[in-house]
1. Among the residues of the range 32-55 satisfying the criterion of being in a loop (DSSP other than H, G, I, E, B) and under 11 Å from the mean Cα position of the chain (by Cα), which is farthest from residue 103 (Cα to Cα)?
2. From the list 236, 243, pick out the single residue that is modelled with pLDDT of 95 or more and out of contact with any helix residue (DSSP H, G or I) (no Cβ under 7 Å at 6 or more places or on another chain).
3. Is one or more of the residues making up the range 133-145 within 30 Å of residue 9 (Cβ to Cβ) and surrounded by 19 or more Cβ atoms within 10 Å (Cβ to Cβ)?
4. Would you confirm whether or not the range 91-104 contains a residue that is buried (at least 20 other Cβ atoms within 10 Å of the Cβ), within 24 Å of residue 206 (Cα to Cα) and without any contact (Cβ under 8 Å) to a residue 60 or more places away in the chain?
5. Return the residue satisfying two criteria in turn: it lies in the range 188-200 and is in contact (Cβ under 8 Å) with a residue 12 or more places away in the chain and surrounded by fewer than 17 Cβ atoms within 10 Å (Cβ to Cβ), and of such residues it is nearest to residue 133 (Cα to Cα).
6. Among the residues of the range 45-73, how many are touching a strand residue (DSSP E or B) at 6+ places or on another chain (Cβ under 6 Å) and touching a residue at least 40 places away in the same chain (Cβ under 8 Å)?
7. Kindly list the number of the only condition in (1) under 24 Å from residue 234 (Cα atoms); (2) in contact with a strand residue (DSSP E or B) (Cβ under 7 Å, 6 or more places away or on another chain); (3) crowded, with 21+ Cβ neighbours inside 10 Å that fails for residue 216.
8. Do you know which residues across the range 56-84 are in a loop (DSSP other than H, G, I, E, B), farther than 11 Å from residue 31 by Cβ and over 17 Å from the mean Cα position of the chain (by Cα)?
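The values are calculated or read from the model by the stated rules, or taken from the named source; none is laboratory data. No experiment lies behind these values; they were computed from the predicted model shown. As a convention, Cβ positions derive from the backbone with ideal geometry for all residues, glycine included, and neighbour counts pool all protein chains shown.
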């Protein structure tokens, strides 16, 4: 939706998007809050992750899932819930759970548990027969720092195993994985990953404004961004369009970044 006409504003991909996606983390919105959130932001939201294990204790879960689906927003359980089932040897029960709630998307991660990568790849392959898989790469442990080649190898293998997109881990605070504990982007790591993995295949978790700004300037307005707070969806969209001071001059000076208009 555009209320005004401005020149030199980058075009945004439209829903259903294959790139330029915005993934929001829902950590416990009420049904009324969910309705209000969708009313205000639905056009700009592609996915909602029911953060970590919140879906196990979230009231009126089926009703909430239905609201997101009716609004053409993909919804899935946080990867930590998948890990919670797996570490307890309850993978079959996890399958029954995603079938019960008719989940069309599923996240596979290993950020909280130790899992041989070949086992994770097997889970991705199995789950891809039931739903569209998004797999998360990187640890939630701040002490675990992977070299760039390792990130690249993991991402390549998970895409080959059946992941639709890979998610670069950052946690909800944006202080691990592709970020330092201060929230600063590990620029060398990110840029090396992008030399080997297509940008449209990666969702960068970027809960902080400075992180969102970095990726928009590095890739373009249609970079895939995740772990966005519900109240930050519209502000993020203005960053993508150069309507906030952080990206204002960038899009005036970088017309080559614009997506050509469809004829």
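1. 45
2. 243
3. The first filter runs over the range 133-145 and keeps only residues within 30 Å of residue 9 (Cβ to Cβ), leaving 134.
Retained after the next criterion (residues that are surrounded by 19 or more Cβ atoms within 10 Å (Cβ to Cβ)): 134.
Yes, there is a match, as at least one residue in the range 133-145 is within 30 Å of residue 9 (Cβ to Cβ) and surrounded by 19 or more Cβ atoms within 10 Å (Cβ to Cβ).
4. No, because not a single residue in the range 91-104 is buried (at least 20 other Cβ atoms within 10 Å of the Cβ), within 24 Å of residue 206 (Cα to Cα) and without any contact (Cβ under 8 Å) to a residue 60 or more places away in the chain.
5. 199
6. Here is the first cut: in the range 45-73, the residues touching a strand residue (DSSP E or B) at 6+ places or on another chain (Cβ under 6 Å) are 45-51, 55, 65, 68, 73.
From the residues that got through so far, the ones that are touching a residue at least 40 places away in the same chain (Cβ under 8 Å) too are 45, 47, 49, 51.
Going through the range 45-73 one residue at a time, the tally reaches 4.
7. Among (1) under 24 Å from residue 234 (Cα atoms); (2) in contact with a strand residue (DSSP E or B) (Cβ under 7 Å, 6 or more places away or on another chain); (3) crowded, with 21+ Cβ neighbours inside 10 Å, residue 216 violates only (2).
8. Kept after step one, since they are in a loop (DSSP other than H, G, I, E, B), are these residues of the range 56-84: 57-60, 71-73, 78.
Add one more test, that the residue is farther than 11 Å from residue 31 by Cβ, and what stays is 57, 71-73, 78.
Result: 57, 71.
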